[in-house]
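*Asks:* Quick one: this structure, given as structure tokens, is what I'll be asking you about.
What follows draws every value from the coordinates through simple rules; no lab data is involved. Note that the structure is predicted; figures quoted are calculated from it, not measured. A quick note on method: Cβ atoms are made from the backbone with ideal geometry, for glycine too, and the neighbour counts reach across all protein chains shown.
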């Protein structure tokens, strides 16, 4: 796809919401709502979590089970949405 993904940075896991939003904006443009598979969302959870839209739902890491999970978009509260920047 011609993308240059960031390398894994362990300090990301300790970021506050402002830091998460700053990092996500480096790779994505804010949008009103997720509409397409692959849009990134910041979920209202504690701690904050990122997810990605897929087939009318959100894929995210479920901290209770420690596994990837999928829920319908309507089942989760979305704080912000982003779409990958075009190059």
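*Asks:* Give, as residue ranges, the strands (runs of 3 or more DSSP E) completely inside the range 31-82 that count at least 3 residues that are loosely packed, with under 14 Cβ neighbours inside 10 Å.
*Replies:* 67-72
*Asks:* Which numbered condition trips up residue 70, out of (1) in contact with a strand residue (DSSP E or B) (Cβ under 9 Å, 6 or more places away or on another chain); (2) within 18 Å of residue 16 (Cβ to Cβ)?
*Replies:* (2)
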